[in-house]
Each structure stands twice: as structure tokens, then as C-alpha cells.
Amino acid sequence: MPVIYGGLKLINNQKVPEQMYSLSNKLIDNGHEMQVRVYYEDTDFSGVVYHSNYLKYMERSRTEWLRHLQIFHQELAKEDSAFAIHKMALKFGPPAVIDDLLTVRTELKKLGGARSFLRQDVLRVEPDGSETLLCGADVEVAFINHGGGAKRFPDDLRAKLEGN
């Protein structure tokens with residue numbers, strides 16, 4: 001059993017900070033953060049994370065953020081509603097590799113009548129606790145009916161997204 005020393009865990013005779021072995025999933029001011037570990041299945045033949053997997057990490061983070069706000073896709077579907085990505089601008093930095101611990105940060109920048117504007121960053125957590133930006137995205141999300149047309153956010157949904 002590993003021994004804990006003031007927030008450090010002894011693993012293979014090395015003191016390791018908690019953020020290197022424990023995954024978190026939490027609300028932050030105007031958004032959400034979750035951590036993911038890079039697995040072999042996430043990588044391509046060269047051993048780096050395949051580019052489309054950053055989009056999967058971002059999708060999971062948006063969904064977990066909504067769940068924390070008590071907004072559930074199945075409930076929206078019962079109301080003939082859904083969220084859909086309208087626009088996304090990506091910029092890639094250095095790649096993630098197997099065993100990296102990543103933080104996916106989702107921040108609400110603006111809420112319109114039927115669209116939300118988000119900033120999402122995938123960051124590598126370095127051993128010293130600092131973060132390196134691996135992929136960033138400006139995301140425009142439309143609130144739609146199941147036919148695909150935009151619809152205004154209902155007041156209760158708007159209040160949840162705004163953190164009220």
C-alpha cells in the first residue's frame with residue numbers, strides 16, 4: 001500500500017504529487033475541468049495522441065460540465081432539444097503521449113439567445129504541476145430542436161448555464 005507524505009504518494013520509491021495519480025472532474029468559475037489519462041488506444045502509430053481524440057476529450061468535458069449543472073441529454077431529447085456544434089476553431093501544440101495526465105478545461109465565454117460560446121483547452125499536467133497547452137478550441141454551440149433549427153434557451157436552462 002502506498003504511503004502518503006503531505007500530499008505526495010510514495011510510488012516505486014518516488015514521491016509523486018496527487019495530481020499525477022488522481023483524476024478530477026469538477027466545476028470551476030464559468031465552466032468545468034476534468035482530467036483524462038492517455039491510453040494506448042488514444043495514440044497513433046507514432047505513439048502520440050491521434051488528433052481527433054482531442055475532440056473526444058472536449059466532447060466528454062462539455063457533457064460532464066452539463067451533468068454537473070444538472071442538464072442531461074436524455075431530458076433535453078424528451079423536449080425535442082439538443083446541443084450541436086456549429087463552429088469550432090482548433091489550434092494544436094505539442095502532442096500528448098501515452099500515460100500523460102491531461103486537463104480538459106471548458107469555459108463559457110458568452111451566452112446568446114440560442115448559442116453558447118466556449119473556450120476549451122487540453123493541457124498536459126507536468127510533474128511540477130504546471131500545464132502545457134496541447135490543443136485549444138473556440139467553440140460555438142447551437143441549441144437546436146431535433147429538426148436541426150436553432151431555438152432559444154429556455155429560462156431554466158439559461159439560468160443553469162449561467163451558474164444561477
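Laid out as a table, the results:
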quantity	calculated
For the chain, projected area of the alpha-carbon convex hull averaged over all directions, nm²	11.8 nm²
Alpha carbon centroid spacing (whole Å) that separates segment 22-38 from segment 91-150	11 Å
For Phe153, Phe92, order by how many other beta-carbon atoms lie within 10 Å, fewest first	Phe92, Phe153
Exposure proxy order (Cβ contacts within 10 Å, fewest to most) of His68, His51	His51, His68
Two-site FRET efficiency, Lys87 against Lys151, from Cβ-Cβ distance with R₀ of 22 Å, rounded to 0.05	0.80
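Every number here is computed from the coordinates shown, using simple stated rules; none is lab data. Being a predicted model, the structure only gives us computed values, none of them experimental. Glycine also receives a Cβ, built like all others from the backbone with ideal geometry; neighbour counts cover every protein chain displayed.
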